[in-house]
Amino acid sequence: MKPRFTPNGIEIQTFDEVFTELVADYKSIYGDTIDLDQNTPDGQKIGIEAKLSIDIQTFCLDLYTAMDPDFAIGGDMNRILKICGITRHAETQSSAVLTITTDRSLTLPAGFIVADQNGQNWALEADTACTTGANTITFYSQVYGEIQAPANTINTIITVVLGVLSANNIADAVQGLEAETDEQLRYRRNLSVENPAFSTVGSLYAKLANLKGVVDLQVYENDTDSFDPDYPVTQLMPPHSIWIVIDGGLESDIAETTAKQKTGGTAMKGSEVTVWVETRTRPDGVTFTVDHVIRYDRPIIAPLFIRFDVKREIPSQAIDIQLIKNKLLTKKYLIGEGAQANKLYSYIYKAGNNFIVTNLEISIDNVTWTSSDIVADYAEELKILEANIYITEI
């Protein structure tokens, strides 16, 4: 009899099983001579009842599945992961440093807007005083998520303020984060099960990965007296040390978490230095502080250049070049992850099948190109930018 609970979970019926069961029940009541063909009222009634039964059983199965973090999706996943102390990373705003040039001292109001060449608005979050001349001010995109704005593209003043002469970003905008997907959240939750481990790299990684704003990280370890030739990264590290390369997260959170998780006396590698001050209490009630100097690195963004040719399979069908670029931009690389040219074909063909791609090559300096692989340094994060995608239609 289904549905039923089993050691493997809930088992539900198929539509055919429900229909057959209803037919048998109807015949047991009205006899074998009852006409249950699909074009009869009784036959259609059984079909409706069978569909209702399957819908209810499927709903119960989905509800049961939603209680498992390995299968839950969307809002169900958000709710169940609260039990684990994990919340989904929300999308964040992109930011850009603009040079605002004025001919007098003035105050720019909160909400002052400058648009970029794509019509995206960048706004000031708080009233900001400006002096005569050039003023360096941080603006934030009004749309949350990974908003791109190359240098010298945010320069259309939308909010008119007397005395403001010009606006411009001399550097690329710092892109915000898209909301964490179900897959990313599920992966991070699975890493978090290492949290109970004590003073291990796995535990440190899991705790750091759960910090608000952390997008990606690597934790390298050298547990030798010098280096291990089987692990080249240890040649870059002091003996008995750890090396954290982390993208996102507050410096104070990173320092506190690392100080609490790493073992005493462990050396650290990194150019970023943050001091976490720990307050302790003596037996007599007097407090004192211990300074923990924590070192780590932020990833080095390495632009990845891509070039290839495309040819129409059907001469009358145009190739959507912009869509191809958009699909390539969805490819994200982890810290220390290298690039393989062949893997990019699958992203390109997501834009359609009315073209043929040839001569695909990649580069990290726009000079030396390869159709094979590019190895990233341990602290590097490869990044595809739209301006670095060269497509030639032949």
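The values are calculated or read from the model by the stated rules, or taken from the named source; none is laboratory data. This structure is a prediction, so every number in the text was calculated from the model and none was measured. Cβ: placed from backbone, ideal geometry, glycine included. Neighbour counts: every protein chain shown.
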Quiz item: Looking at (1) part of a helix (DSSP H, G or I); (2) in contact (Cβ under 8 Å) with a residue 60 or more places away in the chain, can you tell me which one Ile80 breaks?
Solution: (2)
Self-check item: Given (1) of a type outside the set (Ser, Thr, Tyr); (2) more than 13 Å from the chain's Cα centre (by Cα); (3) at pLDDT 90 or above, number of the condition Leu217 does not satisfy
Solution: (2)
Exercise. Considering each of Tyr390, Tyr347 in turn, give the residue that is farther than 27 Å from Thr181 by Cα and in contact with a Lys or Arg (Cβ under 9 Å, 6 or more places away or on another chain).
Key: Tyr390
Quiz prompt | Unique residue being buried (at least 19 other Cβ atoms within 10 Å of the Cβ), without any contact (Cβ under 8 Å) to a residue 60 or more places away in the chain and within 30 Å of Asp70 (Cα to Cα) when the list is Leu217, Leu204, Leu211 | solution = Leu204
Quiz item: Among the candidates Gln322, Gln317, which residue alone is of a type outside the set (Gly, Ala, Ser), at pLDDT below 95, in contact with a Gly (Cβ under 9 Å, 6 or more places away or on another chain) and exposed (fewer than 13 other Cβ atoms within 10 Å of the Cβ)?
Solution: Gln317
Quiz prompt | Asp291 being free of Cβ contacts under 8 Å to residues at least 40 places away in the same chain and either over 28 Å from the mean Cα position of the chain (by Cα) or under 30 Å from Tyr220 (Cα atoms) (or both) | solution = yes
Self-check item: Sole residue being surrounded by 19 or more Cβ atoms within 10 Å (Cβ to Cβ), at pLDDT below 95 and not acidic (Asp, Glu), chosen from Ala339, Ala376, Ala387, Ala351
Solution: Ala351
Quiz prompt | Which numbered condition Thr274 misses (of (1) more than 30 Å from the chain's Cα centre (by Cα); (2) free of Cβ contacts under 8 Å to residues at least 40 places away in the same chain) | solution = (1)
Exercise. Report yes if Val245 is in a helix (DSSP H, G or I) and touching a Phe, Trp or Tyr at 6+ places or on another chain (Cβ under 8 Å), otherwise no.
Key: no
Self-check item: Hits in the range 227-267 - residues which are in contact with a strand residue (DSSP E or B) (Cβ under 8 Å, 6 or more places away or on another chain), over 17 Å from Pro299 (Cβ atoms) and in contact (Cβ under 8 Å) with a residue 12 or more places away in the chain
Solution: Thr234, Pro238, Pro239, His240, Ser241, Ser252, Ala255, Glu256, Ala259, Lys262, Thr266, Ala267
Exercise. Test Gln57 against the stated conditions and say whether it is in contact with a Ser or Thr (Cβ under 7 Å, 6 or more places away or on another chain) and at negative phi.
Key: no
Quiz item: Can you pull out the strands (runs of 3 or more DSSP E) entirely within the range 109-227 that have at least 2 residues that are touching a Gly at 6+ places or on another chain (Cβ under 8 Å)?
Solution: 133-144, 216-222
Quiz item: When you scan the range 2-39, how many residues do you find that are within 41 Å of the chain's Cα centre (by Cα) and part of a helix (DSSP H, G or I)?
Solution: 1
Quiz prompt | So Ala50, is it at pLDDT 90 or above and either of a type in the set (Ser, Thr, Tyr) or not assigned by TED's automatic domain parsing to the domain that holds Ile154 (or both) | solution = yes
Self-check item: Scan of the range 279-300 for residues that are exposed (fewer than 13 other Cβ atoms within 10 Å of the Cβ) and outside any loop (DSSP other than H, G, I, E, B), ordered by number
Solution: Thr279, Arg280, Thr281, Thr287, Phe288, Thr289, Val290, Asp291, Val293
Quiz item: Taking the range 347-394, which residues are closer than 16 Å to Asp309 by Cβ, assigned to a loop (DSSP other than H, G, I, E, B) and touching a residue at least 60 places away in the same chain (Cβ under 8 Å)?
Solution: Trp369, Ile394
Quiz item: In the range 92-114, how many residues are free of Cβ contacts under 8 Å to residues at least 60 places away in the same chain and either hydroxyl-bearing (Ser, Thr, Tyr) or surrounded by fewer than 18 Cβ atoms within 10 Å (Cβ to Cβ) (or both)?
Solution: 7
Practice problem: Note down all Cβ pairs under 7 Å where the first residue falls in the range 320-333 and is part of a helix (DSSP H, G or I), the second is at pLDDT 90 or above and among the acidic types (Asp, Glu), and they're at least six residues apart or on different chains. | Solution: Lys325/Glu386; Leu329/Glu386
Quiz item: Is there a residue being surrounded by fewer than 18 Cβ atoms within 10 Å (Cβ to Cβ) and under 15 Å from Leu211 (Cβ atoms) anywhere in the range 255-263?
Solution: yes
Quiz item: How many of the residues making up the range 129-150 are of a type in the set (Ser, Thr, Tyr), buried (at least 17 other Cβ atoms within 10 Å of the Cβ) and under 16 Å from Ser166 (Cα atoms)?
Solution: 0
Exercise. Would you check if Leu344 is crowded, with 16+ Cβ neighbours inside 10 Å, in a strand (DSSP E or B) and within 23 Å of the chain's Cα centre (by Cα)?
Key: no
